[in-house]
Amino acid sequence: MDKIIFHIDVNSAFLSWSAVDALNKGADIDIRNIPSVIGGDESSRRGVVLAKSVPAKAYGIITGESLFSARRKCPNIEIISPCFHTYEKYSRAMMEMLSEYTPTIEQYSIDECFLQFSKSFLSEPVKFAEEIKERIKKELGFTVNIGISNNKLLAKMASELNKPDKVNTIYPSEIKEKMWPLQVEELFMVGKKAKEKLNKMYIYTIGDLANYNVSLLKDKFKSYGELIWQYSNGIDHSEVAATEGDIKVISNSTTLAADIIEKNQANKVLFSLVENVAARLRKSNKCCSCIAVSIRSSEFKNYSHQKKLMNPTDSTERIAETVQQLFDETWKREPIRLLGVSLSHLSEEGYYQLSLFESGKENKNRALDNAIDSIRNKYGDNVIKRFGSK
DNA sequence: TCTGGGGTCCTAGGACCC
DNA sequence: TCTGGGGTCCTAGGACCC
């Protein structure tokens with residue numbers, strides 16, 4: 001135990017960042033101090049709560065619920081549209097600041113990261129975390145929670161303890177007192193389904209899980225049973241990864257403003273999803289050899305269908321052909337609520353192989369893809385349309 | 001429940017091989 | 001082929017995370 005891990009988590013990230021951005025642009029109210037949420041456009045059926053203010057939380061509003069239901073709980077709730085560019089900007093600013101403190105930093109999501117220090121370097125971790133927290137507040141304008149322990153799991157659990165704007169610890173010696181009394185669904189990786197199953201086994205708290213017979217958990221839940229048992233006992237050997245791992249899937253999906261019932265309409269949407277994923281694929285200098293289409297029906301049933309390719313590709317046209325074919329094979333002619341395209345089995349090797357064997361036609365397609373990519377990079381996504389796209 | 005979008009990982013079942 | 005067992009690959013679906 002010679003290391004100290006911090007988990008840093010921005011409080012209501014999207015809402016805080018929207019608030020700071022508005023204040024910087026001269027707004028006279030701070031949405032953090034009124035009942036407010038960040039949420040999508042209800043008329044295009046993206047109306048769920050992505051983040052909430054503390055006063056909104058007091059009305060019982062929770063992340064993920066519909067705006068309709070949020071408004072029922074608090075009729076004069078302020079609803080703000082998300083702005084992902086803004087969020088990326090503040091996220092980057094925070095990560096850059098935190099990189100000053102240690103090279104061993106892992107960004108876990110847009111608003112969370114882990115920092116690792118050696119114990120000998122850090123004699124007073126809590127005091128140090130307080131300094132970082134205050135600096136973020138002063139220089140960047142938003143608050144964070146910092147959790148401290150000897151491993152990532154405990155640091156993450158610690159940062160959830162007491163919000164917002166707090167520093168908390170869960171050292172191994174504090175697990176019993178601080179973590180075991182919590183409801184089992186508070187444990188990282190225990191979601192709604194697992195909670196229900198665990199409750200049926202009379203496991204209600206993290207402590208109940210920690211003291212349960214691990215081999216019975218393994219019988220019932222396989223490797224997942226052992227994982228959550230270890231977590232409940234504060235066991236986690238994963239490393240803080242300073243370099244990010246290779247991306248494994250590139251996907252894009254969209255909930256449609258109105259259900260689609262015609263193949264033609266579906267094809268237009270699919271093509272724009274393909275353009276998005278294919279451009280991201282080429283930007284990462286990779287090829288894919290597995291393509292999948294997913295469909296959500298108006299009844300909320302999900303289907304997916306995938307196909308492995310003989311040769312890896314990064315061509316918009318080849319991906320689009322496969323996607324069409326997959327869609328035709330999958331669609332049960334029901335009204336469609338959501339369409340998605342995802343590319344997987346990504347490889348760099350395929351990228352080089354491809355250029356050796358591709359035909360004249362494929363060479364032409366590649367030239368077209370590259371030309372469109374560079375125009376869009378310069379002037380934005382909407383300046384140019386392919387023939388056949390919407 | 002008037003239920004987003006982008007990811008990761010795991011499991012089960014079937015095909016196919018020796 | 002009244003029929004085993006182990007390994008690998010592929011597909012579909014689902015749980016979980018932010």
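When region A:24-39 is limited to residues that are surrounded by 14 or more Cβ atoms within 10 Å (Cβ to Cβ) and small (Gly, Ala, Ser), the one that is nearest to the chain's Cα centre (by Cα) turns out to be A:GLY39.
For residues that are farther than 18 Å from A:ILE250 by Cβ and in contact with a strand residue (DSSP E or B) (Cβ under 8 Å, 6 or more places away or on another chain), tally how many sit in region A:328-346. Qualifying residue count, region A:328-346: 8. Screening A:TYR303 with (1) within 13 Å of DNA strand B (Cβ to nearest atom); (2) within 24 Å of the chain's Cα centre (by Cα) gives one miss only, at (1). For A:LEU153, are the conditions met, namely being surrounded by fewer than 18 Cβ atoms within 10 Å (Cβ to Cβ), touching a Gly at 6+ places or on another chain (Cβ under 9 Å) and closer than 23 Å to A:VAL184 by Cβ? It is false that A:LEU153 is surrounded by fewer than 18 Cβ atoms within 10 Å (Cβ to Cβ), touching a Gly at 6+ places or on another chain (Cβ under 9 Å) and closer than 23 Å to A:VAL184 by Cβ. Within region A:80-94, identify whether any single residue is among the β-branched types (Val, Ile, Thr), farther than 30 Å from A:LEU338 by Cβ and modelled with pLDDT of 95 or more, and answer yes or no. No, region A:80-94 has no match at all. Residues in region A:325-343 that are part of a helix (DSSP H, G or I) and touching a Leu at 6+ places or on another chain (Cβ under 7 Å): A:PHE327 only. Checked against (1) part of a strand (DSSP E or B); (2) more than 13 Å from DNA strand C (Cβ to nearest atom), A:GLY207 meets all criteria but (1).
The residues on offer are A:LEU281, A:LEU273, and the sole one that is touching an Asp or Glu at 6+ places or on another chain (Cβ under 8 Å) and not in a strand (DSSP E or B) is A:LEU281. Check off (1) hydrophobic (A, V, I, L, M, F, W, C); (2) surrounded by 15 or more Cβ atoms within 10 Å (Cβ to Cβ); (3) over 30 Å from A:ARG366 (Cβ atoms) for A:ALA279 and give me the number that stays unchecked. For A:ALA279, the exception is condition (3). Taking region A:150-182 as the range and being closer than 17 Å to A:ILE132 by Cα and out of contact with any strand residue (DSSP E or B) (no Cβ under 6 Å at 6 or more places or on another chain) as the test, the residues that pass are A:PRO164, A:ASP165. Could you tell me which residue of region A:40-88 is nearest to DNA strand B (Cβ to nearest atom), considering only residues that are surrounded by 13 or more Cβ atoms within 10 Å (Cβ to Cβ) and free of Cβ contacts under 8 Å to residues at least 12 places away in the same chain? If we take residues in region A:40-88 being surrounded by 13 or more Cβ atoms within 10 Å (Cβ to Cβ) and free of Cβ contacts under 8 Å to residues at least 12 places away in the same chain, then A:SER69 is nearest to DNA strand B (Cβ to nearest atom).
Looking only at region A:285-316, residues that are loosely packed, with under 15 Cβ neighbours inside 10 Å and either of a type outside the set (A, V, I, L, M, F, W, C) or part of a helix (DSSP H, G or I) (or both) come to 9 in all.
Note on region A:256-270: residues that are in contact (Cβ under 8 Å) with a residue 40 or more places away in the chain and closer than 16 Å to A:VAL293 by Cβ total 8. A single member of A:LYS52, A:LYS3, A:LYS25 is more than 16 Å from DNA strand C (Cβ to nearest atom) and touching a strand residue (DSSP E or B) at 6+ places or on another chain (Cβ under 8 Å), and it is A:LYS3.
The values are calculated or read from the model by the stated rules, or taken from the named source; none is laboratory data. Keep in mind that this is a model prediction, so the values were computed, not measured. Glycine gets a Cβ as well: all are built from the backbone with ideal geometry, and neighbour counts include every protein chain shown.
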